[in-house]
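A short worksheet on the structure shown next.
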Amino acid sequence: MTDEVIPFPPPPLDVQERMVEALLFASAAPMTQRDLAARMPTGSDPAEALRLLGIRYAGRGVELVRVGDAWAFRTAADLGFLMQDEVVETRRLSRAATETLAIVAYHQPVTRAEIEEIRGVAVSRGTLDQLIEMGWVRLGRRRQTPGRPVTFVVTDSFLDHFGLGSTRDLPGLTELRAAGLLDSRPPLADAPGLAESAEDADILPGNEPGDDLFGD
Amino acid sequence: MTDEVIPFPPPPLDVQERMVEALLFASAAPMTQRDLAARMPTGSDPAEALRLLGIRYAGRGVELVRVGDAWAFRTAADLGFLMQDEVVETRRLSRAATETLAIVAYHQPVTRAEIEEIRGVAVSRGTLDQLIEMGWVRLGRRRQTPGRPVTFVVTDSFLDHFGLGSTRDLPGLTELRAAGLLDSRPPLADAPGLAESAEDADILPGNEPGDDLFGD
Amino acid sequence: MTTPLFPAPDLPRPDHPRPDEALIVDVPGYDGPLDLLLTLARTQKVDLMQISVLALAEQYLAFVDEARTLRIELAADYLVMAAWLAFLKSRLLLPPDPDAEGPSAEDMAAHLAFQLERLNAMRDSAARLMGRARLGQDRFARGAPETVARTRTIRWQAGLIDLMQAYARLRTRDEFRPYAFDRRDTWTLEQALESMRRLIGYAGEWTDLMQFLPDGWSGTPARRRSATAATFAASLELAKQGRVELRQAETFAPISLRLR
């Protein structure tokens with residue numbers, strides 16, 4: 001923000017609340033505070049308007065939900081049964097895909113080798129590709145370890161789909177963490193399994209071009 | 001309605017209101033009371049739920065509106081401006097348009113034939129149409145010569161845009177020369193990508209025969 | 001990776017990474033040896049943390065033997081796991097070797113138990129995640145989103161200069177010169193030479209170079225500069241031809257010339 005003179009004072013908060021309500025209602029995709037501010041008059045306070053709006057819609061048939069650092073209106077989960085006609089048939093995910101998704105969500109940022117270490121089997125490229133294509137998983141930063149393997153993280157669209165405000169809201173996260181099940185323990189040197197071959201897979205030259213497509 | 005025994009009593013009205021709210025929000029098209037009733041538990045009263053909902057949303061950023069005999073949520077009319085995206089695009093005039101405009105300005109009232117004589121190429125209808133549409137050129141009186149051709153003159157809006165009191169304020173050739181504007185080096189393509197359309201090529205001698213193809 | 005503790009089992013083991021899942025799930029219904037182990041562990045009906053890894057190893061080895069007698073082709077993974085579990089079993093049964101390096105049998109067993117518990121936890125989490133109220137199934141976005149209307153205003157950019165240049169270009173097309181230069185304020189070397197050749201005859205004595213500037217070229221700085229430069233260049237040329245002598249007392253002092 002510059003020290004520009006604001007030509008008009010921003011509208012009163014209740015008007016700002018109406019504006020945020022209209023903007024979020026109109027948009028199917030979640031909007032960040034920055035998105036909102038860009039549309040509202042200069043000097044508006046979308047954060048406060050969102051807070052008021054959240055209170056107003058609490059318990060309604062339509063609720064204000066947080067999706068990562070964006071906001072959206074979504075119908076209340078308990079009324080889903082009314083809208084069975086609107087259900088979008090999603091591809092049924094394979095067990096490999098759902099497990100991989102869970103591992104990415106709970107362990108992110110996670111490398112392919114780490115996913116393989118947890119699942120005990122190689123992750124086929126197709127599985128991660130499918131999750132990426134669905135918009136639930138994306139590539140994160142490369143891990144600063146030998147081979148600089150790419151990492152995978154979940155997206156805001158994942159949060160939106162599963163009704164999570166952030167990855168901190170993942171079910172059972174606290175318990176899993178307390179039980180040490182989310183610790184990144186290095187695999188035992190002589191344990192069988194995929195750790196070695198999988199780690200190698202990430203630095204195979206053949207894999208590089210594909211990785212670069214998504215490189216950050 | 002048959003005289004079937006209703007197995008469960010309908011949900012309380014405030015729950016019905018939530019239901020209607022969610023249904024209308026999620027629906028791609030406005031819903032009639034019959035549509036709503038078909039989705040809601042047996043014995044529900046969508047009319048009353050709609051009435052309550054209408055009151056709740058009155059004056060909000062989103063309003064419950066009646067569309068024929070169906071109902072839908074719509075952004076409040078006074079907030080429509082939030083959904084507008086003003087895109088102002090600046091474009092450079094093509095060389096053909098600039099030259100034609102210059103000729104009209106210096107020689108007005110001028111006929112198309114005269115413009116073509118000065119430019120040495122046929123003037124495409126599009127070029128003059130564009131200048132007219134921009135409000136810089138308009139039709140003048142017909143010339144009292146055989147064929148009574150229309151003439152073109154520049155508008156006040158043209159004078160305004162170019163900061164001229166009248167076309168007599170346009171500098172003459174001598175002044176142009178003194179100002180170094182008669183440098184007849186081939187002009188540089190000063191706006192890459194813009195205005196460098198095929199039209200620009202039409203004063204190149206090599207293109208002369210081809211211009212007839214587009215002449216009108 | 002550190003060196004393995006035990007000699008590599010002489011079982012076929014692909015030393016290239018598996019390209020795809022096709023090679024992996026070779027035991028029907030199991031997603032790899034760890035999955036199989038987890039299933040076997042569940043039959044012990046105890047908390048995974050309390051699992052008897054020794055018993056689990058025996059269960060697994062029995063399974064592998066069974067598969068062999070049934071002539072089921074086991075993928076290399078399963079055989080590697082079998083070899084490792086056989087090794088682990090023997091280590092667990094023997095008294096610990098105080099000289100042994102690396103992780104103890106108990107550490108290895110504990111790690112296996114941890115792996116199983118972790119896989120189990122992720123599997124539960126996946127199920128919980130999939131059971132959540134999902135967008136498009138239980139929760140819905142606005143069915144009729146209102147698209148933002150884009151109004152495009154085109155602002156044409158053309159300045160008076162563009163206009164005049166365009167006109168000038170048209171009007172001077174006939175007097176086309178490959179290279180034109182506004183010479184009103186330029187005194188060229190040729191002009192200076194010509195002028196000096198005429199004047200030089202009068203310069204029998206040392207004459208200041210500035211005396212040779214043409215009339216009317218000392219007024220404006222631009223003209224004076226151009227004329228001075230051209231005249232100076234012309235004087236050098238004449239000196240080179242041996243027609244004049246040049247003299248300058250010191251740097252920046254006036255330059256004089258005389259006929260040679």
*Does region B:126-137 contain any residue that is on the phi < 0 side of the Ramachandran plot, assigned to a loop (DSSP other than H, G, I, E, B), of a type in the set (Gly, Ala, Ser) and in contact with a helix residue (DSSP H, G or I) (Cβ under 8 Å, 6 or more places away or on another chain)?*
no
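The rows are residues; the columns are (1) over 20 Å from A:Arg56 (Cβ atoms); (2) among the β-branched types (Val, Ile, Thr); (3) more than 10 Å from chain A (Cβ to nearest Cβ); (4) touching a Leu at 6+ places or on another chain (Cβ under 6 Å).
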{"position": "B:Phe8", "(1), (2), (3), (4)": "yes, no, yes, no"}
{"position": "B:Leu13", "(1), (2), (3), (4)": "no, no, yes, no"}
{"position": "B:Glu17", "(1), (2), (3), (4)": "no, no, no, yes"}
{"position": "B:Ala28", "(1), (2), (3), (4)": "yes, no, no, no"}
{"position": "B:Leu53", "(1), (2), (3), (4)": "no, no, no, yes"}
{"position": "B:Gly68", "(1), (2), (3), (4)": "yes, no, yes, no"}
{"position": "B:Phe73", "(1), (2), (3), (4)": "no, no, no, yes"}
*Which pairs do you get when a residue that is over 8 Å from C:Leu135 (Cβ atoms), found in region A:155-166, comes within reach of a residue that is among the charged types (D, E, K, R) and assigned to a helix (DSSP H, G or I), reach meaning Cβ atoms under 9 angstrom, with the pair 6+ apart or on two chains?*
A:Leu159/A:Asp169
_I want to confirm something. Restricting to region C:31-50 and keeping residues that are on the phi < 0 side of the Ramachandran plot and surrounded by 21 or more Cβ atoms within 10 Å (Cβ to Cβ), which single residue is farthest from the other protein chains (Cβ to nearest Cβ)?_
C:Ala41
_Please pick out the residue among C:Arg118, C:Arg142, C:Arg132 that is at the interface with chain A (Cβ under 9 Å from one of its Cβ atoms), surrounded by fewer than 18 Cβ atoms within 10 Å (Cβ to Cβ) and either on the phi > 0 side of the Ramachandran plot or modelled with pLDDT of 85 or more (or both)._
C:Arg132
*Identify, from the list C:Ala126, C:Ala83, C:Ala100, the residue that is surrounded by 15 or more Cβ atoms within 10 Å (Cβ to Cβ), over 14 Å from A:Glu99 (Cα atoms) and among the aliphatic types (A, V, I, L, M).*
C:Ala83
*asked:* Going by what's in this entry, would B:Ser124 be described as modelled with pLDDT of 90 or more, more than 8 Å from every other protein chain (Cβ to nearest Cβ) and more than 17 Å from A:Ala26 (Cβ to Cβ)?
replied: no
*With (1) modelled with pLDDT of 50 or more; (2) farther than 22 Å from A:Arg119 by Cβ as the list, and C:Thr3 as the residue in question, which single condition is left unmet?*
(1)
*Which listed residue, of A:Val88, A:Val153, A:Val123, is surrounded by fewer than 22 Cβ atoms within 10 Å (Cβ to Cβ) and more than 19 Å from the chain's Cα centre (by Cα)*: A:Val88
*How many residues are of a type in the set (Gly, Ala, Ser) and either touching a residue at least 24 places away in the same chain (Cβ under 8 Å) or at the interface with another protein chain (Cβ under 9 Å from one of its Cβ atoms) (or both) when one looks only at region C:88-109?*
3
*Within region A:11-40, which residues are exposed (fewer than 15 other Cβ atoms within 10 Å of the Cβ) and more than 18 Å from A:Arg66 (Cα to Cα)?*
A:Pro12, A:Leu13, A:Asp14, A:Ala38
*Specify the residue that is surrounded by the fewest Cβ atoms within 10 Å (Cβ to Cβ); the eligible residues are those in region A:100-109 that are over 19 Å from A:Ala179 (Cα atoms) and touching a residue at least 40 places away in the same chain (Cβ under 8 Å).*
A:Pro109
_Here is a list: A:Leu64, A:Leu13. Which entry is over 25 Å from the mean Cα position of the chain (by Cα) and not aromatic (Phe, Trp, Tyr)?_
A:Leu13
*Do you know which residues across region B:72-98 are farther than 30 Å from A:Ala22 by Cβ, part of a helix (DSSP H, G or I) and not aliphatic (A, V, I, L, M)?*
B:Arg95, B:Thr98
*asked:* Only one of C:Arg183, C:Arg258, C:Arg198 is over 30 Å from B:Trp136 (Cβ atoms) and at pLDDT below 75. Can you tell me which?
replied: C:Arg183
*asked:* modelled with pLDDT of 90 or more and under 24 Å from A:Trp136 (Cα atoms): is that true of A:Leu101 in this structure?
replied: yes
*Give me a count of the residues in region B:56-74 that are in contact (Cβ under 8 Å) with a residue 24 or more places away in the chain and under 15 Å from B:Phe25 (Cα atoms).*
7
*Kindly check whether there is at least one residue in region C:228-237 that is buried (at least 17 other Cβ atoms within 10 Å of the Cβ), among the polar types (S, T, N, Q), part of a helix (DSSP H, G or I) and out of contact with any helix residue (DSSP H, G or I) (no Cβ under 8 Å at 6 or more places or on another chain).*
no
*What about B:Glu89, is it within 14 Å of chain C (Cβ to nearest Cβ) and under 30 Å from A:Ser27 (Cα atoms)?*
yes
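The values are calculated or read from the model by the stated rules, or taken from the named source; none is laboratory data. All values derive from a computational prediction rather than experimental measurement. When we count neighbours, we look across all protein chains shown, and the Cβ atoms used for this are built from the backbone with ideal geometry, even at glycine.
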